[in-house]
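Step one of this worksheet: look at the structure below.
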Amino acid sequence: MTSTTNDDFQNRLQWSLFSLRLGVFIVMIMWTLDKFVNPGHSARIFEHFYGISGSSDIVAYVLGALQLLLVVAFMAGIKKRFTYGLIFIMHGLSTLSSYNQYIDGFNNLLFFAAWPMWAACFALYLLREQDVKLTVK
C-alpha cells in the first residue's frame with residue numbers, strides 16, 4: 001500500500017472540487033442561456049414550478065443577465081461565500097419546487113439528477129476555501 005503525500009492529496013482535492021464546479025457551471029450556464037434563447041420557456045417554468053404567472057421576455061432577460069453574472073463569478077471562484085451560497089440556494093429552490101415530479105418518479109427520472117447536483121453545490125460551499133484550482137485570486 002502506498003502513502004499519499006499531503007501535496008498529492010491537496011492536488012487531487014483541488015482537481016476534484018474544480019470538476020464539481022465545472023459540472024455545476026455547465027448545467028447553470030445552460031439554464032441561464034435558455035432565458036435568452038427561449039424566454040417563453042422561462043415564463044412557463046416560473047408559472048408551473050413557482051406559481052409566478054405573467055412573466056414577460058424582459059423579466060427573463062433581466063433574470064438571465066443577473067444569473068449570468070452570478071454563474072460566471074461562481075465559475076471564476078469570485079466571492080465564494082456569496083456566489084457558491086447563492087448557487088446552492090438557487091439550485092435547492094429549483095430542486096425542491098419540483099416535488100410533484102418526484103411523486104411520479106418513474107415518469108420523471110431526469111428530475112432526480114437535481115439531487116446529486118445539489119449535493120455537489122453543498123460540498124463546494126463547505127469546501128470553498130480549498131477550491132482554488134483555476135480561480136481568480
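Each value in this text was obtained by applying a stated rule to the coordinates, not by laboratory testing. Everything numeric here is computed off the predicted structure, so don't read it as measured data. Positions of Cβ are backbone-derived with ideal geometry, glycine not excepted, and every protein chain shown enters the neighbour counts.
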Given a Förster radius of 35 Å and the C-beta distance between R12 and L68 as r, what FRET efficiency does 1/(1 + (r/R0)^6) yield to the nearest 0.05?
0.65
For V136 and D34, compute 0.36 nm times the residue count separating them, minus their Cα-Cα distance, and round to one decimal in nm.
34.1 nm
DSSP H helices in the chain with Cα extent of 15 Å or more along the helix axis and mean Kyte-Doolittle hydropathy at least 0.5?
57-76, 80-97, 114-126
Per-selection metrics, the chain (Cα): Rg and Dmax in Å:
17.1, 62
Multiply the residue separation of I26 and I58 by 0.36 nm, subtract the distance between their alpha-carbon atoms, and state the gained length in nm to one decimal.
9.1 nm
Comparing G77, G54, G23 in a Gaussian network model of the chain (Cα, 10 Å), the one with the largest mean-square fluctuation is G54
